[in-house]
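Q: Starting off with a structure, shown below.
The values are calculated or read from the model by the stated rules, or taken from the named source; none is laboratory data. All values derive from a computational prediction rather than experimental measurement. All Cβ positions, glycine included, derive from the backbone under ideal geometry; neighbour counts span all protein chains shown. With ligands, DNA and RNA removed, areas are computed over all heavy atoms of the protein, side chains included. Shrake-Rupley method; radii C 1.70, N 1.55, O 1.52, S 1.80 Å.
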Amino acid sequence: MKVKVLSRNPDDYVRETTRDIHRVPRNYDPTLHPFEVPREYTRALNATKLERVFAKPFVGSLDGHRDGINCMAKHSKSLSILLSGACDGEVKLWNLPKRECFRTVQAHEGFVRGIVTRFCGTSFFTVGDDKTIKQWKMEPPGYGEQEEPLNTILGKAVFTGIDHHQIGETFATCGQTVDIWDEQRTSPIRSFSWGVDSFSCVRYNPVETELLASCASDRSVVLYDMREATPLKKVIMKLRSNTLCWNPMEAYYFTSSNEDYNLYTYDMRYLDNPVTVHMDHVSAVLDVDYSPTGREFVSASFDKSVRIFPKDGGHSREVYHTKRMQHVICVRWSADNKYILSGSDEMNIRMWKANASEKLGVLTPREKTTRDYNQKLREKFQHHPHIRRIARHRHLPHDIYKQRREQREMRDARRRKELNVRKHSKPGSVPVETEKEKHVVTVVE
């Protein structure tokens with residue numbers, strides 16, 4: 001004879017303390033919850049709307065320069081220190097949490113063209129229009145001491161950029177040639193040139209530390225290996241690249257900012273076509289910097305805006321602008337992945353949140369749970385038309401909006417003309433060119 005007995009474990013429903021929340025038994029069988037998806041959709045819609053409501057990315061501005069900011073550098077060891085160089089030869093060191101300048105150096109006559117910190121964070125290097133490279137102590141001078149550089153190197157031509165090796169005592173400069181310098185010597189240990197007038201930017205690879213890349217005035221991006229006597233190869237594009245930045249997580253990928261309003265991500269092993277073409281700016285892109293995670297990068301443009309792109313996305317996920325901000329010359333992504341710093345023509349450095357709607361400060365466990373739940377809901381319903389429209393919408397200044405519309409019309413006209421030419425030509429005589437193929441002229445090895 002079978003006897004069926006109901007048995008309950010008190011641990012499943014009895015609270016441990018009177019302050020604890022009541023335990024509720026739940027059955028996750030979908031047939032018992034027919035309205036779960038509509039309920040989740042409503043929550044996702046509300047979460048998306050609230051994200052746009054709370055999207056206030058601007059954190060603060062750093063005032064103090066008396067001329068436009070031309071270059072910036074992050075401290076290699078400290079999150080709270082930023083270095084900036086202006087067009088009047090002045091270098092300022094900033095304390096970011098306090099948003100104040102704690103040191104000013106009159107480094108050069110004319111523009112400060114480049115600034116970089118040493119890998120150990122004890123000193124920094126600057127180059128300027130006065131044809132000098134100067135090394136400065138990171139610590140301010142003591143009481144009664146003069147502000148003097150540790151080392152000064154006089155070059156033969158104007159230097160336009162500088163970058164330091166990630167782990168070694170060498171640094172690279174660019175101007176009429178790309179030069180590799182040892183910190184202990186006053187002449188370059190190696191010089192690279194490839195029939196080019198001048199170079200505008202040079203960058204060390206943060207992963208494969210012996211590799212360099214530079215942007216040249218003949219519309220090319222040139223790759224070098226310090227272990228070899230000659231450059232590796234170069235890709236020549238339709239228009240000139242201004243700056244480039246290596247992906248800190250994927251050794252072979254780099255992104256270059258171009259005069260044709262686009263950014264191009266390349267795999268250095270296959271330079272025939274870019275991996276991705278990033279479009280959205282309506283004027284020349286002047287600077288680019290990767291996030292420490294390598295998943296996104298930020299770009300600064302002459303169109304007075306800052307945009308954030310996913311590394312494999314063709315369009316930006318975020319655009320930042322203010323009424324007062326003029327042409328954005330330089331931009332940096334902070335090493336803790338939380339902030340973006342932009343320097344512009346009107347003598348201001350602005351601090352933005354990398355995630356516009358993120359709440360700053362300490363979050364309670366319940367706030368963290370809600371944030372993560374809302375994020376998952378937005379990801380689950382991100383392709384629904386209504387939610388996608390709300391999540392993608394950004395208010396743009398009238399000038400940018402008008403220029404985007406004009407460029408769209410021009411692009412459509414070019415596409416129509418190309419289709420008409422192909423339709424009235426001999427089959428195969430007018431090949432179909434993809435967007436990636438249009439911008440590369442040739443690769444020279």
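Q: I'm told H108 meets every condition in (1) touching a residue at least 12 places away in the same chain (Cβ under 8 Å); (2) assigned to a helix (DSSP H, G or I) except one. Can you identify the failing condition by its number?
A: Every listed condition holds for H108 apart from (2).
Q: Can you spot a residue in segment 356-374 that is within 30 Å of G114 (Cα to Cα) and either in contact with a helix residue (DSSP H, G or I) (Cβ under 6 Å, 6 or more places away or on another chain) or not aromatic (F, W, Y) (or both)?
A: Within segment 356-374, one or more residues are within 30 Å of G114 (Cα to Cα) and either in contact with a helix residue (DSSP H, G or I) (Cβ under 6 Å, 6 or more places away or on another chain) or not aromatic (F, W, Y) (or both).
Q: With the structure loaded, tell me whether E250 is open to solvent by 20 Å² or more (accessible area, probe 1.4 Å), charged (D, E, K, R) and in contact with a strand residue (DSSP E or B) (Cβ under 6 Å, 6 or more places away or on another chain) or whether it fails that test. Working first, answer last.
A: Numbers: open to solvent by 20 Å² or more (accessible area, probe 1.4 Å): yes; charged (D, E, K, R): yes; in contact with a strand residue (DSSP E or B) (Cβ under 6 Å, 6 or more places away or on another chain): no.
No; evaluated as a whole, the condition is false for this residue.
Q: Next up: Please specify each residue of segment 332-350 satisfying the condition of being part of a loop (DSSP other than H, G, I, E, B) and of a type in the set (K, R).
A: K338, the sole residue that qualifies.
Q: Still on this model: Could you tell me which residue of segment 55-77 is least open to solvent (accessible area, probe 1.4 Å), considering only residues that are assigned to a loop (DSSP other than H, G, I, E, B) and under 15 Å from R99 (Cα atoms)?
A: The qualifying residue least open to solvent (accessible area, probe 1.4 Å) is H65.
Q: Report yes if V443 is open to solvent by 70 Å² or more (accessible area, probe 1.4 Å) and not in a helix (DSSP H, G or I), otherwise no.
A: Answer is no for this residue.
Q: So, restricting to helices (runs of 4 or more DSSP H) that lie completely within segment 371-440, which ones have at least 3 residues that are of a type outside the set (A, V, I, L, M), touching a residue at least 24 places away in the same chain (Cβ under 8 Å) and closer than 24 Å to N355 by Cα?
A: Passing ranges: none, list empty.
Q: Right, here's the next one. Looking at segment 348-363 only, could you name the residues that are open to solvent by 70 Å² or more (accessible area, probe 1.4 Å) and over 21 Å from V319 (Cα atoms)?
A: V362
Q: Looking at this structure, is D289 under 21 Å from M249 (Cα atoms), acidic (D, E) and either at pLDDT below 95 or in a strand (DSSP E or B) (or both)?
A: Answer is yes for this residue.
Q: Only one residue in T177, T209, T243 is of a type in the set (V, I, T), modelled with pLDDT of 95 or more and either within 21 Å of V112 (Cα to Cα) or under 25 Å from the mean Cα position of the chain (by Cα) (or both). Which one? Break it down stepwise before answering.
A: Working: T177 fails: modelled with pLDDT of 95 or more; T209 fails: modelled with pLDDT of 95 or more.
Criteria check complete, one pass: T243.
Q: Which one of I153, I167, I133 is surrounded by 14 or more Cβ atoms within 10 Å (Cβ to Cβ), within 27 Å of the chain's Cα centre (by Cα) and among the β-branched types (V, I, T)?
A: Being surrounded by 14 or more Cβ atoms within 10 Å (Cβ to Cβ), within 27 Å of the chain's Cα centre (by Cα) and among the β-branched types (V, I, T) holds for just one of I153, I167, I133, which is I133.
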